[in-house]
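Notes to accompany the following structure.
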Amino acid sequence: MMKNRFHSRREFAKLVFAGVPALTALQGATLHAQSAPGSNRSRINGVQFGLQPFCYHDLVMTPDNRRTLINRLVQNGLGMVELHATWVEPRFAAGGVSADAARDKIRQWRLTTPPAFYQSIRKEFDDAGIAIFSYYVNVDDSYTDAEIDAVFKGAKILGAEGCVGSQGLRLTERLAAFPGKHGMFMGVHNHANLSDPDALNNEASFVKALSFSPHVKATLDTRHYTAANGDCLEFLARHHARISSVHLGDRKRNNGRSTPFGEGDAPIIPILRMIRDNQWPIVALLEFEHGTLRTGVEEVQLMFDYCKRAVA
């Protein structure tokens, strides 16, 4: 076990990052990091950055607000996104419509919506220079097999490489049969709930989920993994080949609060340097949940600038 080989995370990090200069004058550093010519504009020194757009807390995640989302991503200099299905799919719940009727309507919509609908949305993002890396949808037991296939088909037309969700182990085992049919992956996202045996919450639960299929990959949420007292660096070292992305955020250990970057216990800078120095194709999707008096755009920019300095 890694624990027997390295006495502490600090010692482990020293070995991983031997020869990497320390980051100095973090708050006052000038940003010189630039994307490689012809690459995604938020690929910085070998690390591909994107956004989990839940970060724009004031922006309701609906199709009507999709143009505003795109404009904000461009304003923040981001060229990749994990797109929630709620930015794409219509809402059928309304006054006088029962929950069952709304559920039937959205299922029928997924099964009958033509490719041109998704193609037009992809064009909106393409025209703005934004790649849709993954499609976030919380599949539950009410989804039929045909409906799950329709979700993957729509996501692929959007340009996504995979679908991501926060479902538990039992449902992940069922979903594992679908992504390979579409040449995609199924990302499993963790939370800090250690009391639920079905939840993705620690290394053992990730290992179990990854065993269901080679097309299942980890979406490692660094905030939740840290809050559950996991070691993100050890997880990356052992499982990097099966990690599609990290939801990069900061949080205190022992199920503590979310914090601005650099104020919690998540090793954000070592994570980014580990990805950079090993040239792993792991996408760093910025995400925050802490309270702030700044706008979402301002907070995202602070996060992104912090990360740029880390990999400069």
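The values are calculated or read from the model by the stated rules, or taken from the named source; none is laboratory data. Fair warning: this is a prediction, and the values are worked out from it, not measured in the lab. Neighbour counts run over all protein chains shown; Cβ positions are idealised from the backbone, glycine included. For accessibility, only protein heavy atoms count, side chains too; no ligands or nucleic acids. Shrake-Rupley method; radii C 1.70, N 1.55, O 1.52, S 1.80 Å.
Here the gap between residue 124 and residue 295, fully extended at 0.36 nm per residue and compared with their Cα-Cα distance, gives a gain of 59.2 nm. Packing, as the average of other Cβ atoms within 10 Å across residues, places the peptides 274-282, 161-169 in the order 161-169, 274-282, highest first. The slack in the chain from residue 138 to residue 198, taken as 0.36 nm per residue of separation less the alpha-carbon distance, amounts to 20.1 nm.
Distant-in-sequence amide contacts of residue 164, defined by a placed amide H-H separation under 5 Å and a gap of 5 or more residues or a different chain, comprise 135, 136, 137, 187.
Could you give me the ³J(HN,Hα) list for segment 80-94, computed from phi with Karplus coefficients 6.51, -1.76, 1.60 and θ = phi - 60°, whole Hz, x at Gly and Pro? Computed from phi, the couplings for segment 80-94 are 8, 8, 9, 8, 6, 4, 5, 7, 10, 7, x, 10, 9, 6, 7 Hz. Working from Cα pairs under 8 Å separated by at least six residues, relative contact order for the chain is 19 percent.
Whole-percent P(r), segment 166-312, all Cα pairs, 5 Å bins from 0: 2, 10, 19, 21, 20, 14, 9, 4, 1, 0. The residues of the chain have, on average, 45 Å² of accessible surface per residue, using a 1.4 Å probe with all protein chains present.
Extension gain, residue 105-residue 74: 0.36 nm per intervening residue step, less the Cα-Cα distance, totals 7.8 nm.
GNM remark for the chain: springs join alpha carbons under 10 Å apart, and the peak mean-square fluctuation among 222, 112, 62 falls on 112. Phi angles of segment 224-231 translate, via the Karplus equation with coefficients 6.51, -1.76, 1.60 and θ = phi - 60°, into HN-Hα couplings of 5, 5, 5, 4, 8, 6, x, 9 Hz per residue; Gly and Pro are given as x.
Need one number: the % of Cα-Cα pairs in segment 53-204 sitting beyond the 19 Å mark. It works out to 57 percent of all Cα pairs. Highest GNM mean-square fluctuation, the chain, Cα pairs closer than 10 Å: which of 102, 94, 204? Largest GNM mean-square fluctuation: 94. This model, with +1 at the C-beta of Lys and Arg and -1 at the C-beta of Asp and Glu, gives the chain a dipole about its Cα centre of some 680 debye.
Per residue, the convex hull around the alpha carbon atoms of the chain comes to 144 Å³. Running Debye on segment 150-250 with equal point scatterers at the Cα sites and no solvent, what base-10 log of I(q)/I(0) appears at q = 0.12 Å⁻¹? For segment 150-250 at q = 0.12 Å⁻¹, log10 I(q)/I(0) is -0.36. Rounded to the nearest whole Hz, the Karplus-based 3J(HN,Hα) values (6.51 cos²θ - 1.76 cosθ + 1.60, θ = phi - 60°) of segment 268-285 follow the sequence 4, 5, x, 4, 5, 5, 5, 5, 4, 5, 9, 6, 6, x, 9, 7, 9, 9, with x at glycine and proline. Placing dummy labels 7 Å off each Cα toward the beta-carbon, the span from residue 255 to residue 149 is 4.2 nm.
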